[in-house]
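Visitor: Dropping a structure here in structure tokens format, bear with me for questions.
The values are calculated or read from the model by the stated rules, or taken from the named source; none is laboratory data. Being a predicted model, the structure only gives us computed values, none of them experimental. Note that we place each Cβ from the backbone using ideal geometry, even for glycine, and neighbour counts take in every protein chain shown. These area figures cover heavy atoms from the full protein model, side chains too; ligands, DNA and RNA do not enter into them. Shrake-Rupley method; radii C 1.70, N 1.55, O 1.52, S 1.80 Å.
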Amino acid sequence: MYSNSYLKRSWVEVDLKQIAENYRIYKNNSGGKAVMAVVKADAYGHGDTEVARVLQSEGVKLFAVSNIEEAITLRKVGIHGEILVLGYTPAECINQLLAYDITQTLLDEYYAELLSGKGVKAQFAIDTGMNRIGLDAEDVDFCERIIRKYKNQYDLTGVFTHLCVSDTETDECKQFTEQQINKFRNVVDRVADLGLPYVHCLNSAGGLYHEPKDCVGEIIRLGIILYGLKPDYHNLLPAGIKPVLSWKSVISMIKEVHPGECIGYGRTFVADREMRVATIPTGYADGYRRELSNKGKVLINGCLAPIVGRICMDQMMVDVTGLRVKCDDEVILIGERYTADDMAHDIGTIGYEVVCGISKRVPRLYNEVC
Ligand SMILES: *Cc1c(COP(=O)(O)O)cnc(C)c1O
């Protein structure tokens with residue numbers, strides 16, 4: 001199933017069948033809306049080529065990435081649907097946008113002017129309160145004027161906005177999200193006669209927590225939940241959606257450590273008893289977060305082993321006292337019982353950052369999908 005044993009120092013396994021399953025379950029829960037698969041940042045560290053191919057074979061026709069390089073990668077491996085670049089592309093790249101049939105987000109009026117006149121496929125971002133990119137939806141007249149002004153300078157295919165608190169279920173956040181959607185609706189209504197095919201405002205969390213029928217547009221931009229992770233640690237995902245990534249390593253050495261001896265850089269851990277300590281050949285250069293020093297845990301043969309001492313660049317040490325483990329045993333760094341969301345929770349970040357942070361030197365292995 002997952003081969004290439006010579007790579008087995010530190011590696012990631014991605015379950016492509018579960019990605020397809022997560023997509024199907026989410027879609028069945030989203031009131032029939034189309035899904036734009038968000039595969040930016042190498043599909044959140046899972047491997048964009050493999051993930052996009054599986055989703056294309058599931059019928060996905062819309063993809064979103066963060067930059068033109070990612071978009072071209074997808075085109076070159078046979079992704080033939082729409083590919084939307086969600087962020088900035090330098091104006092110098094205009095010919096590549098055209099050559100690869102890539103859709104560029106128009107960030108504001110200034111940026112729209114920069115790339116205008118060449119018939120590039122484009123969608124306008126509308127800022128409904130996040131203050132990141134987009135035409136300011138507070139001024140509906142302005143939005144309408146700019147969209148109409150550039151309609152014929154581009155092959156304009158859509159407008160979209162982004163929700164910034166749709167993962168939080170407090171009354172205040174729900175109200176803010178409603179306001180964002182209403183502001184977006186006001187802009188969309190003004191340009192309804194243009195018949196833009198792609199109108200969208202929901203991310204993973206938005207699609208779960210806002211009745212899709214109350215929303216504007218027929219598309220959900222689905223990112224984190226495709227990968228089976230939660231937008232926010234407190235969110236509940238639909239039954240059957242599961243993380244698709246496991247990160248594994250091995251035990252490279254085992255030794256006895258006596259009371260009073262220290263472990264690792266900075267001597268931050270001192271043994272107060274006889275210990276058995278295993279070394280694991282994964283470190284922060286692999287993206288294993290150093291904040292997990294003396295704090296994180298790994299799983300070996302079903303048992304939890306706490307990290308002792310600081311995470312090094314390429315190695316770490318764990319306490320295996322009393323556990324039945326030996327050299328070469330497989331170690332689970334991220335898996336079903338300790339997910340990227342759990343790890344993120346332990347160090348005060350989000351699952352997104354954990355999976356995006358697994359570095360390129362960690363090979364990704366895939367199961368066959370028939
Ligand atoms: C990253 C991103 C998404 C996907 O967000 P998830 O929370 O991962 O679903 C959607 N839209 C935009 C504009 C994004 O930048």
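Visitor: I need a count of the residues in the range 158-179 that are within 12 Å of the ligand (Cβ to nearest atom) and of a type in the set (A, V, I, L, M, F, W, C).
Guide: The total comes to 4.
For every residue, the table says whether it meets (1) touching a Ser or Thr at 6+ places or on another chain (Cβ under 7 Å); (2) open to solvent by 40 Å² or more (accessible area, probe 1.4 Å).
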residue: Glu109; (1), (2): no, yes
residue: Glu113; (1), (2): no, yes
residue: Gly119; (1), (2): no, no
residue: Ala122; (1), (2): yes, no
residue: Gly129; (1), (2): no, no
residue: Arg132; (1), (2): no, yes
residue: Glu138; (1), (2): no, yes
residue: Phe142; (1), (2): no, yes
residue: Ile146; (1), (2): no, no
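Visitor: While we're here: Restrict the check to the range 206-225 and report whether at least one residue is closer than 27 Å to Gly348 by Cβ, open to solvent by less than 30 Å² (accessible area, probe 1.4 Å), modelled with pLDDT of 95 or more and in contact with an Asp or Glu (Cβ under 6 Å, 6 or more places away or on another chain).
Guide: Scanning the range 206-225, I find no residue that is closer than 27 Å to Gly348 by Cβ, open to solvent by less than 30 Å² (accessible area, probe 1.4 Å), modelled with pLDDT of 95 or more and in contact with an Asp or Glu (Cβ under 6 Å, 6 or more places away or on another chain), so the answer is no.
Visitor: Being at negative phi, open to solvent by 10 Å² or more (accessible area, probe 1.4 Å) and part of a strand (DSSP E or B) is true for just one of Glu13, Glu21, Glu50. Which residue is that?
Guide: Just a single option satisfies the conditions, and that option is Glu13.
Visitor: Another question, then. Answer yes or no as to whether Lys230 is of a type in the set (Lys, Arg), at pLDDT below 95 and over 23 Å from Ala122 (Cα atoms).
Guide: Here the answer is no, as Lys230 does not meet what is asked.
Visitor: Okay, next question. For Asp314, are the conditions met, namely being surrounded by 15 or more Cβ atoms within 10 Å (Cβ to Cβ), at pLDDT 95 or above and not in a loop (DSSP other than H, G, I, E, B)?
Guide: So Asp314 does not fit the description; no.
Visitor: Anything in the range 235-264 that is within 19 Å of Gly287 (Cα to Cα) and either within 19 Å of the chain's Cα centre (by Cα) or of a type in the set (Val, Ile, Thr) (or both)? List them, or say none.
Guide: Within the range 235-264, Pro243, Val244, Leu245, Ser246, Trp247, Val250, Ile251 meet the criteria.
Visitor: For the range 320-347, how many residues meet the condition of being over 17 Å from Lys8 (Cβ atoms) and either open to solvent by less than 70 Å² (accessible area, probe 1.4 Å) or in contact (Cβ under 8 Å) with a residue 40 or more places away in the chain (or both)? Lay out the reasoning, then the answer.
Guide: First, the residues of the range 320-347 that are over 17 Å from Lys8 (Cβ atoms): 320-324, 336-347.
Going one step further and asking which of them are either open to solvent by less than 70 Å² (accessible area, probe 1.4 Å) or in contact (Cβ under 8 Å) with a residue 40 or more places away in the chain (or both), we end up with 320-323, 336, 338-347.
Of the residues in that region, 15 qualify.
Visitor: Taking the range 64-90 as the search range and keeping residues that are under 19 Å from Leu229 (Cβ atoms) and either aromatic (Phe, Trp, Tyr) or open to solvent by less than 10 Å² (accessible area, probe 1.4 Å) (or both), which one is nearest to the ligand (Cβ to nearest atom)?
Guide: Ala64
Visitor: Could you list, ordered by first residue, the pairs with Cβ atoms under 6 Å in which the first is in the range 21-41 and within 10 Å of the ligand (Cβ to nearest atom) and the second is in a loop (DSSP other than H, G, I, E, B) and at pLDDT 95 or above, at least 6 apart or interchain?
Guide: Ala37/Val60; Val38/Gly223; Lys40/Ser66
Visitor: Follow-up. Please indicate, with yes or no, whether at least one residue in the range 145-157 is over 16 Å from Leu84 (Cβ atoms) and within 12 Å of the ligand (Cβ to nearest atom).
Guide: Within the range 145-157, none of the residues are over 16 Å from Leu84 (Cβ atoms) and within 12 Å of the ligand (Cβ to nearest atom).
Visitor: Failed condition for Val187, given (1) outside any strand (DSSP E or B); (2) within 13 Å of the ligand (Cβ to nearest atom); (3) surrounded by 23 or more Cβ atoms within 10 Å (Cβ to Cβ), with all others met?
Guide: Of (1) outside any strand (DSSP E or B); (2) within 13 Å of the ligand (Cβ to nearest atom); (3) surrounded by 23 or more Cβ atoms within 10 Å (Cβ to Cβ), only one is false for Val187: (2).
Visitor: As an exercise: evaluate Gly351 against (1) touching a His at 6+ places or on another chain (Cβ under 9 Å); (2) more than 25 Å from Asp48 (Cβ to Cβ) and give the number of the one condition it does not meet.
Guide: The failed condition is (2).
Visitor: Still on this model: Which one of the conditions (1) within 16 Å of the ligand (Cβ to nearest atom); (2) hydroxyl-bearing (Ser, Thr, Tyr); (3) without any contact (Cβ under 8 Å) to a residue 12 or more places away in the chain does Tyr227 fail to meet, given that it meets all the rest?
Guide: Here Tyr227 meets the rest and fails (3).
Visitor: Using the structure shown, decide if Cys327 is modelled with pLDDT under 95 and either over 22 Å from Ile224 (Cα atoms) or of a type in the set (Phe, Trp, Tyr) (or both).
Guide: no
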